[in-house]
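Below is one structure, written out as structure tokens; the observations come after it.
The values are calculated or read from the model by the stated rules, or taken from the named source; none is laboratory data. Just so we're clear, the structure is a prediction, and the values are computed from it rather than from any experiment. Cβ sites come from the backbone with ideal geometry, for glycine too, and all protein chains shown count toward neighbours. Ligands, DNA and RNA are excluded from the accessible area calculation, which covers all protein heavy atoms including side chains. Shrake-Rupley method; radii C 1.70, N 1.55, O 1.52, S 1.80 Å.
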Amino acid sequence: MKTQIKQTIYEKLYQMKTCVEREIETLRDSVLLSQYRYLTKETSEGTVWTDALQTALREHERVIIEPSEEAYLIDYTVVIPSGRHIEAEGAVIRLTAGCDLLMLRNENTLDGTHMPIDRTNPDRNISIHGGRWEESHTKRAGYGVSGRYAPHIEHDENRVFFGVSTCMLFNHMENLMLSDMTFAHTAGFSVQIGDLVNGVFENISFESCYADGLHINGGTKNLYISDIAGEVGDDLVALNAYDWQNSSVNFGAIETVLCKNLTLSETSRYKAIRMEPGVYRYDDGSTVDCGLFDIVMKNIKGIRTFKMYLQTPPYALGEKPEWGDVGSVNNVFFEDIALDLVAPIDNFGSYRMQDPLRGAFGAFELGAKIGYLSFENMDLTLHPEEWKYGYFLTIGPKSLCANGKEIFDPYVSSFAETLEFENIRINGENPEEPLAFIKEIAFDDINGDGNSTGKGEIGTILWDGLHIK
């Protein structure tokens with residue numbers, strides 16, 4: 001059954017990738033961006049090409065940004081209509097230093113924060129190949145400070161799309177391909193995605209980027225993600241079906257994903273990948289299960305921890321947290337991954353102090369309604385002499401109090417029906433007692449506030465074909 005499900009995922013996504021590539025080939029009306037030089041303007045930073053690129057994209061299907069010794073400067077958001085391809089191999093495109101808006105977005109973007117988006121009339125068939133896409137930053141700016149959404153005003157002071165903070169935004173779309181691109185010095189997310197059907201992201205690198213690389217939100221299905229590498233300040237690839245309102249405008253399931261050949265730079269600050277399920281509530285009280293379904297995570301390097309649990313925003317002890325509930329997860333496959341759990345990924349407070357109640361951490365941290373998860377061909381290094389509460393996997397609530405606030409959600413309970421492990425090595429060996437490396441966490445009013453009782457449970461554990469729980 002496991003092999004059949006994975007094979008179906010592979011076949012569906014390779015077929016999707018071929019269809020996306022064929023649709024790109026139908027775009028033949030081509031123009032050199034230099035033919036629109038008359039629309040440029042000169043500034044102290046250099047030549048600004050915003051109007052030239054925007055006009056070229058309005059008038060032609062393919063826009064070729066030629067290699068140049070000088071960067072192409074952009075000082076306002078460029079909007080990409082359906083049926084467009086940008087070819088930028090050898091070119092550097094840079095957002096001007098004073099611009100706090102995002103650089104590129106598709107035309108018919110929608111905000112799904114307050115109600116589900118209307119899925120009619122999506123943009124279709126947009127692709128970018130090549131190019132070095134830069135911002136002019138030296139550190140993370142913060143949500144809403146950089147990468148703002150530009151509607152029809154010069155500056156988005158009111159954050160019309162509150163949850164957008166990115167260099168490029170693509171949502172409410174079908175058939176998107178980004179390939180052979182480099183992002184550099186992005187202060188927010190490099191690429192933010194949501195409510196997308198059919199996406200190909202291949203051969204993308206990040207240099208001195210300060211937040212997530214690919215930040216993928218809910219309502220999204222059929223993603224082929226391959227050969228993603230580099231230095232980011234947060235997640236290299238985030239699959240955040242559920243997310244906070246300051247970092248998403250799209251909520252719902254993420255379905256059918258192949259994510260392979262990811263390499264996080266050793267210099268990256270935060271060596272984790274978030275795969276966030278949860279339940280999101282709209283303004284009218286209706287809810288959506290932001291689940292994760294049919295996903296393969298394969299050949300991943302440089303990551304310490306995979307996070308797969310509900311996390312609402314921090315809240316003051318004694319107060320109620322923002323509403324949220326655990327989301328669903330089913331048929332997620334992790335394989336060919338080496339992890340060195342040198343320390344807790346959240347290495348402060350109770351984790352750093354190795355609190356016997358709150359201090360358990362894992363290479364995989366679960367907190368959802370889970371059907372089936374598979375772990376295959378794994379090499380995990382633990383450091384028990386230094387960190388006695390490190391595990392291959394933990395399931396259940398997390399708690400970390402700092403400055404009078406609870407960072408996590410200690411009241412959350414979660415359950416996994418079946419976890420299957422095959423060819424797992426811990427510190428170079430197949431463990432004789434695998435259950436010693438799997439931790440079910442339980443809290444009993446751990447904060448003394450009547451809102452910190454939760455537990456994690458596992459139904460069935462299969463280890464190399466043996467039923468051990």
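Computed values, structure above
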| read-out | value |
| --- | --- |
| Subset of the stretch 425-440 [under 27 Å from the mean Cα position of the chain (by Cα) and aliphatic (A, V, I, L, M)] | I438 |
| Residues of the stretch 179-194 satisfying the condition of being in contact with a Lys or Arg (Cβ under 9 Å, 6 or more places away or on another chain) and open to solvent by 10 Å² or more (accessible area, probe 1.4 Å) | T182, H185 |
| Residue match in the stretch 243-258 (condition: out of contact with any Ser or Thr (no Cβ under 9 Å at 6 or more places or on another chain), under 30 Å from N403 (Cα atoms), of a type outside the set (D, E) and modelled with pLDDT under 95) | no |
| Total residues in the stretch 437-469, condition under 26 Å from I424 (Cα atoms) and open to solvent by less than 60 Å² (accessible area, probe 1.4 Å) | 11 |
| Selection from the stretch 231-256 of residues that are open to solvent by 10 Å² or more (accessible area, probe 1.4 Å) and within 13 Å of I303 (Cβ to Cβ) | D234 |
| In the stretch 87-110, residue nearest to D123 (Cα to Cα) [restricted to those that are of a type in the set (A, V, I, L, M) and open to solvent by 50 Å² or more (accessible area, probe 1.4 Å)] | L110 |
| Test result for T312, surrounded by fewer than 20 Cβ atoms within 10 Å (Cβ to Cβ), more than 15 Å from V412 (Cα to Cα), touching a residue at least 24 places away in the same chain (Cβ under 8 Å) and among the hydroxyl-bearing types (S, T, Y) | no |
| Conditions (1) open to solvent by 80 Å² or more (accessible area, probe 1.4 Å); (2) under 22 Å from G83 (Cβ atoms); (3) assigned to a helix (DSSP H, G or I): number failed by R28 | (3) |
| Near pairs, Cβ below 8 angstrom, 6+ apart or cross-chain, from the stretch 220-243 (farther than 23 Å from Y309 by Cβ and part of a strand (DSSP E or B)) to any residue that is open to solvent by 10 Å² or more (accessible area, probe 1.4 Å) and aromatic (F, W, Y) | Y224/Y14 |
| Strands (runs of 3 or more DSSP E) wholly inside the stretch 255-353 containing at least 2 residues that are hydroxyl-bearing (S, T, Y) | 305-309 |
| Tabulated pairs, the stretch 375-396, first free of Cβ contacts under 8 Å to residues at least 60 places away in the same chain and of a type in the set (V, I, T), second surrounded by fewer than 22 Cβ atoms within 10 Å (Cβ to Cβ) and assigned to a strand (DSSP E or B), C-beta under 7 angstrom, 6+ apart or interchain | T381/D340 |
| One residue from E376, E422, E433 being within 15 Å of I461 (Cβ to Cβ), out of contact with any strand residue (DSSP E or B) (no Cβ under 8 Å at 6 or more places or on another chain) and open to solvent by 10 Å² or more (accessible area, probe 1.4 Å) | E433 |
| Hits in the stretch 38-79 (condition: under 19 Å from E135 (Cα atoms), open to solvent by less than 60 Å² (accessible area, probe 1.4 Å) and assigned to a strand (DSSP E or B)) | T47, V48, Y72, L73, I74, V78, V79 |
| Residue among R119, R148 that alone is touching a strand residue (DSSP E or B) at 6+ places or on another chain (Cβ under 9 Å), of a type outside the set (A, V, I, L, M, F, W, C) and open to solvent by 50 Å² or more (accessible area, probe 1.4 Å) | R119 |
| Residue within the stretch 71-92 that is touching a residue at least 60 places away in the same chain (Cβ under 8 Å), more than 30 Å from E255 (Cα to Cα) and of a type in the set (D, E) present | yes |
